[in-house]
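Shown next, in structure tokens, is the structure this report addresses.
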Amino acid sequence: MKNLYLETARPQVSAPALSGAQTADVVIVGGGYTGLAAALKLAGQGARVVLLEAGEIGHGCSGRNGGQVNPGLKALPDDVEAHFGAARGKRMNQMGSDAPAEVFELVERYGIDCAPSRTGTIRAAIDDAGVAQVKALVAQCTARGWPVRFVDAAEMAQMTGTGIYRAGAFDARGGHLNPLGYARGLALAAQAAGASLHGQSRATSVARAGSDWKVSTAGGSVTAPEIVLCTNGYTDDLWPGFRQALVPVWTYIAATDPLPAALREKIMPSRAALYEAAWDVVYYRLDDAGRLLMGGRGPQRDARVEADYGHLTRYARKLWPELKDVSFPWSWHGQVAITDDHFPHLVAPETGVHLMFGYNGRGIAVSTASGRMVAEHILSGGAADVALPVDGALAPVPFHGFWKIGAEATMAWNRLRDTLRGR
């Protein structure tokens with residue numbers, strides 16, 4: 001089992017482990033998109049920033065995800081406004097709409113080597129419920145002036161190379177990229193702006209130090225008046241109640257080597273990124289070298305054997321029987337953070353403390369925008385009216401201690417339901 005991105009993402013980032021006692025204006029815990037985007041914004045405005053990452057930069061889901069730059073939040077736009085209210089909901093929707101452009105603008109501005117492709121995204125329907133969902137998405141996006149159009153079954157077959165889909169919604173705002181390459185590019189840009197990044201520096205404690213906060217690691221400590229904790233799907237007990245405010249859900253990916261030219265013409269000729277409108281979401285894309293990357297949920301644990309990825313490779317061959325003799329030599333997995341309401345959260349439980357989490361599988365674009373907004377909130381002393389509401393307390397996921405049992409049971413049931421509906 002090998003992560004393809006570790007072989008293809010360039011360049012490397014030098015981020016030595018923290019050593020000794022340091023001071024900063026802001027200390028960030030978490031070296032994924034949120035932390036890196038925040039560090040870039042903060043350092044660019046002259047703040048002294050120290051970022052701590054338990055592994056290598058981009059080690060978590062920022063270096064393991066499907067690479068899809070998806071517009072919007074998890075919920076449909078009307079549901080977002082119903083949840084947050086008209087004014088706040090409109091701003092949240094606009095943030096989600098603008099987030100992919102923010103990603104691609106950063107890629108262009110800093111020359112990030114991550115194989116960016118602004119070829120759009122497709123939400124694909126396999127059943128009646130999916131058709132209703134994509135129709136609602138198209139109608140609600142069109143009403144807001146966003147470039148999302150309905151695609152019928154015949155055009156879906158042309159765009160994807162498979163006849164399984166009954167309809168789809170094509171969104172021109174999205175695309176895809178090499179996610180680890182993007183994370184590393186953000187890291188290099190943050191370093192160039194003056195941020196200090198430290199890998200292999202797991203934060204072991206957070207404690208008051210007078211009016212400041214002290215974050216300790218095995219090799220040193222950082223004291224600062226402001227801290228940002230953005231460990232998302234890899235959150236532990238560093239801050240009381242943080243781990244209980246989200247559920248880490250494992251997502252799995254299997255990938256081929258570069259496909260022959262004839263197969264590339266057959267599989268996803270649109271070159272868009274696709275995710276299915278089903279409870280057990282499957283997502284896939286062709287990368288810049290013509291590799292097929294198939295992703296979806298899997299066993300809710302660390303993968304043990306190649307068979308743990310078998311559901312993805314079998315489904316790929318169902319979509320495109322031409323793949324029957326094609327191997328998938330790459331396979332890896334990571335953890336995404338799911339919140340009870342399926343929305344991202346910015347929580348400030350104490351003065352100087354900022355917890356950012358919960359992208360619910362929409363991480364590349366929304367986490368980038370969220371990191372920037374956390375930085376704006378800090379730089380303004382809390383005065384900036386960012387799109388994200390700032391909550392004062394963490395809300396635990398109900399029955400959090402039983403989440404794995406519930407997740408396994410719910411996935412099994414819904415996977416069966418999707419199968420009976422035709423997937």
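Listed values, structure above:
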quantity	calculated
Residue within region 250-261 that is within 23 Å of the chain's Cα centre (by Cα), of a type outside the set (A, V, I, L, M, F, W, C) and at pLDDT 95 or above present	yes
Matching residues in region 297-337 - criterion: being of a type in the set (A, V, I, L, M, F, W, C) and either part of a strand (DSSP E or B) or closer than 18 Å to Gln68 by Cα (or both)	Leu312, Ala316, Trp330, Trp332, Val336, Ala337
Region 386-412 - residue that is in a loop (DSSP other than H, G, I, E, B) and modelled with pLDDT of 95 or more and, of those, surrounded by the fewest Cβ atoms within 10 Å (Cβ to Cβ)	Gly392
Region 141-166 residues that are in a strand (DSSP E or B), paired with ones that are of a type in the set (Val, Ile, Thr) and surrounded by fewer than 13 Cβ atoms within 10 Å (Cβ to Cβ) (beta carbon under 9 Å, 6 or more apart)	none
Counted residues, region 348-375 - those being under 13 Å from Thr34 (Cβ atoms) and either modelled with pLDDT of 95 or more or of a type in the set (A, V, I, L, M, F, W, C) (or both)	18
Residue match in region 353-364 (condition: assigned to a helix (DSSP H, G or I), in contact with a helix residue (DSSP H, G or I) (Cβ under 9 Å, 6 or more places away or on another chain), among the aliphatic types (A, V, I, L, M) and within 29 Å of Met159 (Cα to Cα))	yes
Residues being more than 20 Å from Gly58 (Cβ to Cβ) and either under 24 Å from the mean Cα position of the chain (by Cα) or assigned to a strand (DSSP E or B) (or both) - total across region 194-214	8
Residue pairs meeting the criteria (Cβ under 7 Å; at least 6 apart or on separate chains; first within 14 Å of Ala348 (Cβ to Cβ), in region 372-401; second in a loop (DSSP other than H, G, I, E, B) and among the β-branched types (Val, Ile, Thr))	Met373/Val386; Glu376/Val386; His377/Val386
Region 276-296: number of residues that are outside any loop (DSSP other than H, G, I, E, B) and out of contact with any Gly (no Cβ under 8 Å at 6 or more places or on another chain)	4
Residue check for Glu276: among the charged types (D, E, K, R) and crowded, with 21+ Cβ neighbours inside 10 Å	yes
Which numbered condition Trp330 misses (of (1) surrounded by 17 or more Cβ atoms within 10 Å (Cβ to Cβ); (2) under 24 Å from Pro100 (Cα atoms); (3) in contact with a strand residue (DSSP E or B) (Cβ under 9 Å, 6 or more places away or on another chain))	(2)
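The values are calculated or read from the model by the stated rules, or taken from the named source; none is laboratory data. Quick caveat: nothing in here was measured; it's all calculated off a predicted structure. Cβ: placed from backbone, ideal geometry, glycine included. Neighbour counts: every protein chain shown.
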